[in-house]
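Below is one structure, written out as structure tokens; the observations come after it.
The values are calculated or read from the model by the stated rules, or taken from the named source; none is laboratory data. Note that the coordinates shown come from a computational prediction; the quantities given were computed from them, not determined experimentally. Positions of Cβ are generated from backbone atoms using ideal geometry, with glycine treated the same way; all protein chains shown enter the neighbour counts.
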Amino acid sequence: MPDKSEVIEVLKGVIYFAKGDNIVDLGMLDGLEVAENSVAFNLVFPRTDEPAVNIVTNSATKALKEAFGEGLNLRISPISEKEKGRGPLAGVKYIVAVASGKGGVGKSTVAANLAVALSRTGAKVGLVDADIYGPSVPIMFGVEGEQPGVYEREGKPVIVPIEKYGIKLLSIGFFVDTSKPLVWRGPMATSALNQLLGDADWGVLDFLVIDLPPGTGDIQLTLAQSYSVTGAVVVTTPQKVAHADVRRAASMFNQEKLHIPLLGLVENMAYFVPEDAPEKKYFIFGKGHGESFAAELGIPVLGQIPIVERITAAGDNGSPIALEVDSDVSKSFDQIAHAVRNRITALLLQK
């Protein structure tokens, strides 16, 4: 009959590759019970619908039966961190990813202003700048050069997000020299994401908005596989070349094993509004492209953002334009925030 210490030692050989360590040291082993010729325990995962659940469970089963014999009675129950009431994101109600197929469409601007607009609805909001190759949140919130706090919990360092305008912020830009190019392989990038999400004290939040890098790379895959993402907002501009790239990003989120619901589409730079004639709209890239593209993807248009010089100036000055309560652009972001909330409610009702 095995004892608990022997079982734990065997399970230290089972690796959860998403976080690059064994299931014991990661704290995934829960409620271990060892009786005569029987072992039972829970395995705590960030989410229970990820492919790694079967892989890790099968690996643990194989390791224990090789160590203690095929006749071992074994019960392994996968549960989520939220079910267990723990984990760095256990207090986060909804995770909203903001994605685009290509750079230069204003994705980070949308993510920052969406976070502000959601906060203005009375929600508690956090924002993760996971665009590791071009972190811009420190600039847009005027916190360049600031450093998040750190404290120790159970022998491990925990990052304390910076707060600005009532929003909790973390960005890879707080930890690297942004004046130099970041040349990272996939594992380094995903490790950075796991630190921003898993090693931080996010506390209780209604929304955690994640600004993803453009494209369909390792960051997107890790997020989809390892975290309970409520839904994704895709950002595009009216041009067809942007639509082609967004279509690829949407297709990735719609894969069965990586499924993240698409909340809707934001069309940035949808039209031009002259400063001296704010009542006029010029659709310089064509009209109706966003609506037809959203219909093709089977998702709603959450909102349209005009080309206005003030948007860029506000971000560069560290004060997102959604803070300007009376501006038309701020009202557009308010509309998007309410549309996101309504879409999440509708998706939850369908479950």
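Annotations
- Residues considered: 128, 158, 137. Of these, the only one that is more than 19 Å from residue 90 (Cα to Cα), touching a strand residue (DSSP E or B) at 6+ places or on another chain (Cβ under 7 Å) and in the same structural domain as residue 191 (by TED's automatic domain parsing) is 137.
- Residue match in the range 98-107 (condition: outside the structural domain of residue 30 (by TED's automatic domain parsing) and modelled with pLDDT of 90 or more): yes
- Residue in the range 166-188 that is in the same structural domain as residue 219 (by TED's automatic domain parsing), surrounded by 12 or more Cβ atoms within 10 Å (Cβ to Cβ), at pLDDT below 70 and of a type in the set (Gly, Ala, Ser) present: yes
- Wholly enclosed helices (runs of 4 or more DSSP H) of the range 52-143 bearing at least 3 residues surrounded by fewer than 19 Cβ atoms within 10 Å (Cβ to Cβ) and of a type in the set (Val, Ile, Thr): 52-68
- Evaluated against (1) of a type outside the set (Val, Ile, Thr); (2) over 29 Å from residue 234 (Cβ atoms); (3) modelled with pLDDT under 95, residue 58 falls short on exactly one condition, (3).
- Filtered residues of the range 144-165 (kept if in a loop (DSSP other than H, G, I, E, B), of a type outside the set (D, E, K, R) and farther than 25 Å from residue 99 by Cβ): 145, 147, 155
- Number of positions in the range 1-26 that are closer than 27 Å to residue 259 by Cβ and either assigned by TED's automatic domain parsing to the domain that holds residue 227 or surrounded by 15 or more Cβ atoms within 10 Å (Cβ to Cβ) (or both): 7
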